[in-house]
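Handing you a structure now.
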Amino acid sequence: MSQFDIRKIGGRIGAEVVGADVRDLSDRIFGEIHEALLEHKVLGFRGQDLTDDDQLAFAAKWGELTGAHPTVPGIDGKREILPVDGEASRANQWHTDVTFVQTPPKISTLRGLVVPPYGGNTLIANTAAAYRDLPDELRAFADGLWAVHTNDYDYVKPAAAGVDPAKQAEHRKAFVSQTWKTAHPVVRVHPESGERNLFIGGFAQRIVGLSGTESRAILDILQAYVTRPENVLRWVWSPGDLIVFDNRITQHYAPDDYGDLPRRLHRVTVAGDVPAGTDGRESYRVEGDNAAHYTPTATPS
């Protein structure tokens, strides 16, 4: 018998893990949590009240950790922890973490530290369900497409209420201090479950072989399936919450709907592999180095 419950939140995505302390998980219970993540794509743990070291230890159960980000520094003394601070930037658009490198992280963990009394939720979408929603003709078309992902675009929107313009400018300067462009299959095959999903999101800026205008039109059509309400989970934060999502088969979005109120999370990510498409071909670098300083699974130069 399991010592905890896994309770579905939505029909297509998301479950809450009840009765488990992530600081004290047996191999058997962690195995069940692992299987639950593959099924539900995102898991939420209420009221864990973890320290930074606790979060790092839990994330490390999933595999080797990445740095905080390829260009944005981590918190002092903890290079693997990225501060997600609404005062410095608000990246309120759909994306999958760090897809502009050849080996994006496979797992992302987010921990709530400072949470506004309203707004500031995190939305997470099931990109496998989106792929299954496509009409047969559009699905066959998408199977053969490749997209170039890059960090060099307007990822962070103009300063809003509560955002410090100087901190935002500093964040933007760091974010694009080095440029990467990587071609990934638009339809990725999940390396564990074998599910196909739409591996696109905000960093996907161009379809290989097409113009910018043509690319935008196709990406917008496919993205509309990802963000259908039935494919999306909304996590309403409380301080001390932890969520874990499979970065290989989800997108996420943080709505900028909390005015000048503070919001701060800590993110830790787990190193992933090179994505592969439906024909087995793997992602390849177009511009930039192999990001070996960021991820231990970087492919050789």
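For the stretch 1-134, build the charge dipole from Cβ charges (+1 Lys, Arg; -1 Asp, Glu) around the Cα centre, then report which of THR103, THR66, LEU82 sits farthest towards its positive end.
THR103
Taking the Cβ of PRO116 as the centre, find all other residues whose Cβ is under 15 Å away and add up their charges (Lys, Arg: +1; Asp, Glu: -1).
Working: positive: ARG90, ARG234, ARG263, ARG264; negative: ASP85, GLU87, ASP241, ASP256, ASP257, ASP260.
Around PRO116, the surrounding residues sum to -2.
Now for a different question. GNM on the chain, C-alpha springs below 10 Å: top fluctuator among GLY240, GLY272, GLY11?
Of GLY240, GLY272, GLY11, the most mobile in the Gaussian network model is GLY11.
Next question. Kindly write out, for the stretch 274-283 in residue order, the coupling ³J(HN,Hα) from the Karplus curve 6.51 cos²θ - 1.76 cosθ + 1.60 (θ = phi - 60°), rounded to whole Hz, with x marking Gly and Pro.
Per-residue couplings from phi come out as 7, x, 10, x, 5, 9, x, 5, 9, 4 Hz.
Turning to a different aspect of this structure: Pop a pseudo-label 7 angstrom from the Cα along the beta-carbon direction at both ASP257 and GLU230 and give the gap in nm to one decimal.
For ASP257 paired with GLU230, the spin-label model returns 2.2 nm.
Normalised by the number of residues in the chain, what is the relative contact order in percent for Cα pairs under 8 Å and 6+ residues apart? Intermediate values should be presented prior to the final figure.
Details: 685 pairs, mean separation 102.1, N = 301.
Rounded, it is 34 percent for the chain.
Once the Cβ-Cβ distance between ARG23 and TYR284 is put in as r, and R0 is 51 Å, what FRET efficiency do you end up with, to the nearest 0.05? If you can, show how the numbers build up before the last one.
Values: r = 40 Å, r/R0 = 0.78.
It comes out at approximately 0.80.
Full extension from SER238 to ARG132: what is 0.36 nm times the residue separation minus their Cα-Cα distance, to one decimal in nm? Spell out each step's value before the answer.
Details: separation 106, 0.36 × 106 = 38.16 nm, distance 3.26 nm.
Gain on stretching SER238 to ARG132: 34.9 nm.
Right, here's the next one. Just to verify a number: FRET efficiency for ASP49 and ASP152, C-beta to C-beta distance, R0 = 51 Å, to 0.05? Don't jump to the answer; show the numbers that get you there.
Values: r = 38 Å, r/R0 = 0.75.
For R0 = 51 Å, the calculated efficiency reads 0.85.
Here is a further query. Take the alpha carbon atoms of the stretch 10-56, find their center, do the same for the stretch 120-155, and report the distance between the two centers in whole angstrom.
For the stretch 10-56 versus the stretch 120-155, the Cα centre distance is 25 Å.
How do 185-198, 288-301 rank on mean C-beta neighbours within 10 Å, highest first? Provide the component values of the computation, followed by the final result.
Working: 185-198: 20.2, 288-301: 16.2.
With the highest mean Cβ count within 10 Å placed first, the list reads 185-198, 288-301.
Quickly work out the HIS293-to-LYS8 label distance, labels modelled 7 Å from Cα along the C-beta direction, and quote it in nm with one decimal.
For LYS8 paired with HIS293, the spin-label model returns 4.6 nm.
Assigning unit charges at the beta carbon (Lys, Arg +1; Asp, Glu -1) and nothing else, what dipole magnitude in debye, to the nearest 20, does the stretch 5-287 show about its Cα centre? Before the final figure, lay out the partial values.
Values: 32 positive and 40 negative charges, 87 e Å.
Roughly 420 debye for the stretch 5-287.
None of the figures in this text is laboratory data; all of them are computed from the coordinates on show. Fair warning: this is a prediction, and the values are worked out from it, not measured in the lab. In this analysis, Cβ positions are derived from the backbone assuming ideal geometry, glycine residues included, and neighbour counts consider all displayed protein chains.
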